[in-house]
1. Among the residues of the range 112-135, write down those that are under 24 Å from residue 181 (Cβ atoms) and over 18 Å from the mean Cα position of the chain (by Cα).
2. Having 1 or more residues that are closer than 30 Å to residue 110 by Cβ and either modelled with pLDDT under 90 or of a type in the set (Val, Ile, Thr) (or both) is the bar; report the strands (runs of 3 or more DSSP E) wholly within the range 121-224 that clear it.
3. Filtering the range 326-363 down to residues that are in a helix (DSSP H, G or I) and of a type in the set (Phe, Trp, Tyr), which residue is nearest to residue 280 (Cα to Cα)?
4. Being in a helix (DSSP H, G or I), assigned by TED's automatic domain parsing to the domain that holds residue 239, more than 16 Å from the chain's Cα centre (by Cα) and among the small types (Gly, Ala, Ser), is that true of even one residue in the range 313-321?
5. Check residue 41 against each of (1) buried (at least 18 other Cβ atoms within 10 Å of the Cβ); (2) of a type in the set (Ser, Thr, Tyr); (3) assigned to a loop (DSSP other than H, G, I, E, B) and name the one condition it does not meet.
6. Can you tell me which residues in the range 215-232 are surrounded by fewer than 20 Cβ atoms within 10 Å (Cβ to Cβ) and touching a residue at least 40 places away in the same chain (Cβ under 8 Å)?
7. Name the residue that is farthest from residue 324 (Cα to Cα), counting only residues in the range 258-271 that are over 16 Å from the mean Cα position of the chain (by Cα) and not in a loop (DSSP other than H, G, I, E, B).
Amino acid sequence: MKLLTFLQGREASDQIGYHESSIRLVKEGALTGYISIPYLTSCASLPFTAYKEGIAIAKEYRPDLIFFQFFHASFIPDPQNFFQELRKIVPKAVFFVSAGDSFGRWTRKFPQSLIAASKASDLTFLTGMGGMADNLIKKGGKRIVLMPHGFCPIRFPAFEQDIRSTEYEWDVVCVANNYRTRNPFSYIYKYKIERISEINALAKRYGKKFAIFGRGWNGLKNWQGELPFEKQGEVYKKSAVIVGGRPGGGMDYYLSDREFIALACGGKFVEFWTPRVEKIFQNDFHWYLYKKKSEMLKKIDFLLGSSVKNSDAQRVATQEYVRSKHSQYNRMAEMIKIAKEFLEKRSKKYRPKLNFFLPGTNLDIEMRYAIKGWEL
């Protein structure tokens, strides 16, 4: 099986986790070939050359699987004619597209490029389900499968045991941007207001022992400045407790990549509850979920208690679990597995079974929420 991937980046290193994972899958024999085309240009005004390059490569390479990764940049030209040309070249190939953000029905809508790609693809992978998936189906999307974010094992390698310590620089740390939206009707606006309220509460409660990193917190005494993406792990290991800052959407399962990064770095992690996420990580063990600000503070106080703060066993167990099931390699391998099964079976009865849920999860029940639009 040969894979052709259109990567969301200006070069392959922008998506190094997915890129290296695909190379690894070739070495392991899950794929027989892999070629990537980074489809972003350095400037939106420059010509979009990825379609022309893709046609040329497909004619010679003849891929079996074609992946359009996070295919929702606002300037992507209408892909319908491009997909039709590709289908003529490789009519039996499986096309699959993914989205890495949350999207609403009335505001922050699905970009037309993603809608068109989902219509023309065999499979669509989303990082959240529920109403977001239902909305895409109404717009013509089909065979939608949950595929959460994962941490990049290249940018966030496992920490050595000797750097774990009870001597922390902060009691509580949060890495999160202050949402820029000013539209009070946007679903993101609600999260903006609640995130600000929670950050202020943390600053008041923990004083100098609380640090906030990210854009938009200028003027807050606890603000430590912006943080390069790949430096998150170094900050997390310096804090006894990590607060997630709320995922940017309330749809089923939705999490950003920050949750996976924090857990992969072995942090005691407190995060706002999103529907069905407790099927992915065990509440009050892998992480600590809350629904109200008062509950958030209560859980942090509990985790700062000496008996919990001075023990790394649970922290290490969480890190090992996350690294075994929730890296970008795991996600890439899962998508390839599903695409190959779909290609081989081509049956209306085929339904994927996902392997990133907690052990003991009833998959027959969970698949009612994690896959949608397969009856079309």
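1. Once the filter is applied, which keeps residues that are under 24 Å from residue 181 (Cβ atoms) and over 18 Å from the mean Cα position of the chain (by Cα), the range 112-135 yields 112, 113, 115, 134, 135.
2. On the way: elements: 123-126, 144-146, 170-175, 210-213.
By residue number, 123-126, 144-146, 170-175.
3. Going through the qualifying residues, I end up with 329.
4. First, the residues of the range 313-321 that are in a helix (DSSP H, G or I): 313-321.
Going one step further and asking which of them are assigned by TED's automatic domain parsing to the domain that holds residue 239, we end up with 313-321.
Subset that is more than 16 Å from the chain's Cα centre (by Cα): 313-321.
Next, only the ones that are among the small types (Gly, Ala, Ser) stay: 313, 317.
Yes; the residues of the range 313-321 include at least one that is in a helix (DSSP H, G or I), assigned by TED's automatic domain parsing to the domain that holds residue 239, more than 16 Å from the chain's Cα centre (by Cα) and among the small types (Gly, Ala, Ser).
5. (1)
6. Listed by number, the residues that qualify are 227, 229, 230.
7. 270
Rundown of residues vs (1) hydrophobic (A, V, I, L, M, F, W, C); (2) touching a helix residue (DSSP H, G or I) at 6+ places or on another chain (Cβ under 9 Å); (3) at pLDDT 95 or above; (4) surrounded by fewer than 21 Cβ atoms within 10 Å (Cβ to Cβ), yes/no style:
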{"site": "19", "(1), (2), (3), (4)": "no, yes, yes, no"}
{"site": "26", "(1), (2), (3), (4)": "yes, no, yes, yes"}
{"site": "32", "(1), (2), (3), (4)": "no, yes, yes, yes"}
{"site": "45", "(1), (2), (3), (4)": "no, no, no, yes"}
{"site": "48", "(1), (2), (3), (4)": "yes, no, no, yes"}
{"site": "56", "(1), (2), (3), (4)": "yes, no, yes, yes"}
{"site": "76", "(1), (2), (3), (4)": "yes, yes, no, no"}
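The values are calculated or read from the model by the stated rules, or taken from the named source; none is laboratory data. Remember, it's a predicted structure, so these values are computed and weren't measured experimentally. Cβ: placed from backbone, ideal geometry, glycine included. Neighbour counts: every protein chain shown.
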